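Written out below as structure tokens is the structure these notes cover.
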Amino acid sequence: MSVADFTYEDVGATREPGFCPPGFHALHVRTRLGEGEEVFRRAAEAVLTWEMHRVLGVGIETSAERAAPDVDVTVTLGGLIKAPCRVVWTLEERRRAGWAYGTLPGHPESGEESFVVDRTGDGTVWLTVSAFSRPAKWYARAGGPATRGLQQAYARRCGTVLRGLATAGLQE
């Protein structure tokens with residue numbers, strides 16, 4: 001993976017909780033999904049196989065069926081805005097699973113976003129969406145705070161959708 005392909009310098013930095021480079025806006029949204037191993041397993045699989053993104057209703061094109069480093073992903077918003085990205089890291093552990101992608105030329109934003117499912121010691125399962133970004137296209141800059149509000153809403157919607165996927169048919 002060549003850092004030169006990305007539209008920002010700190011490639012992979014979403015692995016560091018709370019990291020946000022100077023000049024970027026931070027995003028951190030944590031959503032409770034449920035409890036137990038089955039909820040974790042279902043949520044992790046839905047994140048790693050793009051199912052959460054597909055159910056969100058965004059267009060998603062990938063070069064692989066599962067998230068892995070160097071996999072190219074293009075998210076299409078509203079059928080009009082194409083956002084090319086590349087997976088920069090993945091995580092598949094006993095209690096944590098997820099990935100992050102970084103922006104490529106043509107994306108309306110510049111930065112990185114991660115989607116991590118974790119199961120805490122008490123068995124509670126969470127989705128954490130973390131990102132750092134700044135506008136790269138004129139329309140993202142023109143949107144100002146509204147653009148950041150849309151990013152927050154998107155991250156919250158990820159949690160709602162994933163909760164539904166992970167708990168469908170289960171008793172909590």
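The values are calculated or read from the model by the stated rules, or taken from the named source; none is laboratory data. Keep in mind that this is a model prediction, so the values were computed, not measured. Note: ideal-geometry Cβ built from the backbone for every residue, glycine included; neighbour counts use all protein chains shown. Keep in mind that these areas ignore ligands, DNA and RNA; they rest on the heavy atoms of the full protein, side chains included. Shrake-Rupley method; radii C 1.70, N 1.55, O 1.52, S 1.80 Å.
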Only one of T7, T74 is in contact (Cβ under 8 Å) with a residue 24 or more places away in the chain, more than 14 Å from V129 (Cα to Cα), polar (S, T, N, Q) and open to solvent by less than 60 Å² (accessible area, probe 1.4 Å). Can you tell me which?
T7
Return a yes/no flag: does the range 95-111 have any residue that is open to solvent by less than 70 Å² (accessible area, probe 1.4 Å) and more than 22 Å from C85 (Cβ to Cβ).
no
I want to confirm something. Restricting to the range 140-170 and keeping residues that are among the polar types (S, T, N, Q) and in contact with a helix residue (DSSP H, G or I) (Cβ under 8 Å, 6 or more places away or on another chain), which single residue is nearest to E35 (Cα to Cα)?
T167
Given the conditions (1) outside any strand (DSSP E or B); (2) in contact (Cβ under 8 Å) with a residue 24 or more places away in the chain; (3) closer than 22 Å to G164 by Cα, every one holds for W99 apart from (1)
Taking the range 36-71, which residues are touching a Phe, Trp or Tyr at 6+ places or on another chain (Cβ under 9 Å), in a strand (DSSP E or B) and open to solvent by 60 Å² or more (accessible area, probe 1.4 Å)?
none
Here are some conditions: (1) in contact with a Ser or Thr (Cβ under 8 Å, 6 or more places away or on another chain); (2) open to solvent by less than 50 Å² (accessible area, probe 1.4 Å). R30 meets all but one. Which one does it not meet?
(2)
Run V116 past the list (1) within 18 Å of L48 (Cβ to Cβ); (2) surrounded by fewer than 19 Cβ atoms within 10 Å (Cβ to Cβ); (3) within 11 Å of the chain's Cα centre (by Cα) and report the number of the one that doesn't hold.
(2)
